[in-house]
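Participant: Here it is, the structure, as structure tokens.
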Amino acid sequence: MTLKELQDVCLQLSMPKFTAKQMAQWIYEKHIHEINEMTNLSKANREKLDSLYCIGCLAPLEISKSKDGTVKYLFPTEDGQMIETVYIPDGDRATLCVSCQVGCKMNCIFCQTGKQGWHGNLTTKDILNQIYAVDQILMEEGGTLLSNVVYMGQGEPLDNFDNVLKSTEILTADYGWAWSPRRITVSTVGLKTQMKRLLDESECHVAVSLHTPIHEQRQQLMPAEKQYAIADIIELLKQYDWSHQRRVTFEYTMFGGINDSPLHARELVKLLRGLYCRVNLIRWHRVPDVELNEVKAETMEHFCNYLNNHGITSTIRASRGQDIWAACGLLSTKKQLNQNA
Ligand code: SF4
């Protein structure tokens, strides 16, 4: 709950308004597990709260560990479905890739989550539970705490806008986790209306899934292009200042013989000219029943060099967690949902 929602609870239960701040401190700062541990609240108020609410987090149902240190967690949702979350340790960075929906509506042809179809939005609680629970596990293991959160797991974050924004508010607010918004990246295929709201109402970094600079081809790879053309999205992004700490990144998954040619590199430079941004090149991993090819390492390097030589900061993102189906585009809980049906 946000502070405002906690204040509403206080109002409903005839508790003093300042109790909301005390509750937030117990939950988000002290990470207690029982309402009874809120010792600066009266016993009567604790009992009232306890009869209506619960705090704490749901533990993952399954944990898969990759040989490269990546860990995939299977979490239950409030409504009995399942989602996956990926922990990616990398030097002094400890990143958690969270899901926002069960499956996805966007139907990008190269993505395993898209193949699963859409089975519902996660609540703010479902989203935060992934972060809260993994942080707890890391704490118990005595390891590093999470340094970054990326909304790049299952689902299109901006298709679940209100719950995603509420979760980033709780992560960044002084009453909440008090994280810098620069530790958070929200990714999107480019849902324009919600994206404008994200840019105006939050300070988090933004990642746009681009994948090809050519409109007709993007329509084939990502049906969302039919409604929200990438050129319009880039025009929108150009209206904001990216020269300081806030960052916009373009995710470019490479498919052999599809979007890896010199023509694509040239068009990409043209499309992004004038926007202070960076490009992450991502190796695509084979998905069953998808007729696309993996890109050659050498081609990726040439593509990356071309972008860098033409003023677009570009890196090849190391692929992580492929052996546990945790790499980009491989998340799916279709099997578990079918088993439960
Ligand atoms: S790539 Fe992202 S937006 Fe596209 S189908 Fe997969 S999860 Fe959805």
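Participant: Go through (1) under 26 Å from Leu236 (Cβ atoms); (2) buried (at least 21 other Cβ atoms within 10 Å of the Cβ) and name the single condition Asp126 misses.
Facilitator: Of (1) under 26 Å from Leu236 (Cβ atoms); (2) buried (at least 21 other Cβ atoms within 10 Å of the Cβ), only one is false for Asp126: (1).
Participant: Can you run down the residue pairs with Cβ atoms below 9 Å, 6 or more apart or on separate chains, where the first is in the stretch 97-121 and under 17 Å from Trp284 (Cα atoms) and in contact (Cβ under 8 Å) with a residue 24 or more places away in the chain and the partner is within 7 Å of the ligand (Cβ to nearest atom) and in a strand (DSSP E or B)?
Facilitator: Cys108/Ser209
Participant: Cβ-Cβ under 7 Å, sequence separation 6+ or interchain: first residue in the stretch 198-224 and closer than 16 Å to Lys270 by Cβ and more than 11 Å from the ligand (Cβ to nearest atom), partner among the charged types (D, E, K, R) and at pLDDT 95 or above. Which pairs?
Facilitator: From the stretch 198-224, the pairs are Leu210/Glu251; Thr212/Arg218; Pro213/Glu267; Ile214/Glu267; His215/Glu225; Arg218/Glu225.
Participant: What's the total number of residues in the stretch 82-105 that are surrounded by fewer than 19 Cβ atoms within 10 Å (Cβ to Cβ) and assigned to a loop (DSSP other than H, G, I, E, B)?
Facilitator: Number of matching residues: 3.
Participant: Right, next: If Asp232 passes every condition in (1) surrounded by fewer than 16 Cβ atoms within 10 Å (Cβ to Cβ); (2) within 16 Å of the ligand (Cβ to nearest atom); (3) touching a residue at least 24 places away in the same chain (Cβ under 8 Å) but one, which one does it miss?
Facilitator: (2)
Participant: Okay, moving on. Glu78 is checked against (1) surrounded by 18 or more Cβ atoms within 10 Å (Cβ to Cβ); (2) part of a loop (DSSP other than H, G, I, E, B); (3) at pLDDT below 95 and fails just one. What number does that condition carry?
Facilitator: Checking Glu78 against (1) surrounded by 18 or more Cβ atoms within 10 Å (Cβ to Cβ); (2) part of a loop (DSSP other than H, G, I, E, B); (3) at pLDDT below 95, the one that fails is (1).
Participant: So which residues in the stretch 178-193 are crowded, with 19+ Cβ neighbours inside 10 Å and more than 13 Å from the ligand (Cβ to nearest atom)?
Facilitator: Of everything in the stretch 178-193, those that are crowded, with 19+ Cβ neighbours inside 10 Å and more than 13 Å from the ligand (Cβ to nearest atom) turn out to be Trp179, Ile184, Thr185.
Participant: Can you name the condition, by its number, that Glu251 falls short on among (1) more than 14 Å from the ligand (Cβ to nearest atom); (2) crowded, with 18+ Cβ neighbours inside 10 Å; (3) within 21 Å of Asn160 (Cβ to Cβ)?
Facilitator: (1)
Participant: How do the pairs read when you match residues in the stretch 146-157 that are under 16 Å from Lys115 (Cα atoms) and among the polar types (S, T, N, Q) with residues anywhere that are within 12 Å of the ligand (Cβ to nearest atom) and assigned to a strand (DSSP E or B), using Cβ under 9 Å and keeping only pairs 6 or more apart or on different chains?
Facilitator: Gln154/Ile83; Gln154/Glu84; Gln154/Gln101; Gln154/Val102; Gln154/Gly103
Participant: Please note which helices (runs of 4 or more DSSP H) are completely contained in the stretch 106-206 and include at least 2 residues that are assigned by TED's automatic domain parsing to the domain that holds Pro76 and over 17 Å from the mean Cα position of the chain (by Cα).
Facilitator: Hits in the stretch 106-206: 112-116, 124-140, 192-201.
Participant: Tell me, yes or no, whether the stretch 77-91 has at least one residue that is of a type in the set (Gly, Ala, Ser) and under 20 Å from Ile282 (Cβ atoms).
Facilitator: Yes, some residue in the stretch 77-91 is of a type in the set (Gly, Ala, Ser) and under 20 Å from Ile282 (Cβ atoms).
Participant: Are any residues in the stretch 101-137 more than 17 Å from Ile83 (Cβ to Cβ) and either touching a strand residue (DSSP E or B) at 6+ places or on another chain (Cβ under 7 Å) or within 16 Å of the ligand (Cβ to nearest atom) (or both), and if so, which ones?
Facilitator: Selection gives Asn107, Cys108, Ile109, Phe110.
Participant: Identify, please: which residue in the stretch 288-323 is in contact with a Ser or Thr (Cβ under 9 Å, 6 or more places away or on another chain) and modelled with pLDDT under 90 and is, among those, surrounded by the fewest Cβ atoms within 10 Å (Cβ to Cβ)?
Facilitator: Of everything passing the filter in the stretch 288-323, Asp323 is surrounded by the fewest Cβ atoms within 10 Å (Cβ to Cβ).
Participant: Yes or no: the stretch 54-75 includes at least one residue that is among the hydroxyl-bearing types (Ser, Thr, Tyr), more than 16 Å from the ligand (Cβ to nearest atom), in a loop (DSSP other than H, G, I, E, B) and in the same structural domain as Phe255 (by TED's automatic domain parsing).
Facilitator: yes
The values are calculated or read from the model by the stated rules, or taken from the named source; none is laboratory data. In this text, all values refer to a predicted model and were calculated from it rather than measured experimentally. Quick reminder, even Gly has a Cβ in these numbers, built from the backbone with ideal geometry, and neighbours come from all protein chains shown.
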